[in-house]
Amino acid sequence: MKTLLLDKQHHDRANFDCGVDALNNYLKMMASQQSGKDNSRTFVLEDAEKTGVIIGYYTLTMTQADLGRLPARLQKKHQSNHSAGLIARLAVDRRYAGKGYGEFLLVDALVKLLQASEVVAFPFVLVDAKAGVARFYEKMGFTPFHDVPDSLFMTMADIRRTLNP
């Protein structure tokens, strides 16, 4: 399995349904536009047996980190850096749910962000989970912010350790 950049001419966005309207609509109406403006990049996992059918997708971008929300030890360590990678969206079509594709997409996103951080350094990856999904990210090693449990982070050092044991 491998992810590809979203290609609106090739990938069937119209039939994607993860059960969350905001995620479906973003893929269908905004992802290509945002990529064209260099605001984000959306990667899709395509069904190997059904050309153009999207199993799932994620969107990556950069954002500012509010250091005041981090544990004190990380605030001190990164006091001069306010940048972070952001997994802005991650979704799996209902037809493919429960088969490990979400985990695959998340690890793939973290690999891409780790590669990016080797070129343009940033100390964190952030994610704002949709309601009821924060546990998925916690299981994968993310830590919730104390003030907003659906907003989570992982340090690049932890990602590096996890992906390169």
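Structural remarks
- Segment 138-154, residues that are in contact with a Lys or Arg (Cβ under 9 Å, 6 or more places away or on another chain) and surrounded by 14 or more Cβ atoms within 10 Å (Cβ to Cβ): PHE145, ASP150, SER151, PHE153
- Near pairs, Cβ below 8 angstrom, 6+ apart or cross-chain, from segment 14-28 (touching a residue at least 60 places away in the same chain (Cβ under 8 Å)) to any residue that is in a loop (DSSP other than H, G, I, E, B) and surrounded by 18 or more Cβ atoms within 10 Å (Cβ to Cβ): PHE16/ASP93; ASP17/ASP93; CYS18/ASP93; ASN24/PHE16; ASN24/CYS18; LEU27/LEU6; LEU27/ARG13; LEU27/PHE16
- Note on segment 121-137: among residues that are within 24 Å of SER83 (Cβ to Cβ) and aromatic (Phe, Trp, Tyr), the one that is surrounded by the fewest Cβ atoms within 10 Å (Cβ to Cβ) is PHE122.
- Filtered residues of segment 49-80 (kept if modelled with pLDDT under 95, among the polar types (S, T, N, Q) and touching a helix residue (DSSP H, G or I) at 6+ places or on another chain (Cβ under 8 Å)): GLN75, GLN79
- Whenever a residue of segment 147-165 is on the phi < 0 side of the Ramachandran plot and part of a loop (DSSP other than H, G, I, E, B), its partners that are surrounded by 12 or more Cβ atoms within 10 Å (Cβ to Cβ) and small (Gly, Ala, Ser), lying with C-beta atoms within less than 6 angstrom and at least six residues away or across chains, give the pairs PRO149/ALA134; ASP150/ALA129; ASP150/ALA134.
- Unmet criterion (only one of (1) in contact (Cβ under 8 Å) with a residue 24 or more places away in the chain; (2) surrounded by 12 or more Cβ atoms within 10 Å (Cβ to Cβ)) for ALA48: (2)
The values are calculated or read from the model by the stated rules, or taken from the named source; none is laboratory data. In this text the structure is predicted, and so the values were computed from the model without any measurement. When we count neighbours, we look across all protein chains shown, and the Cβ atoms used for this are built from the backbone with ideal geometry, even at glycine.
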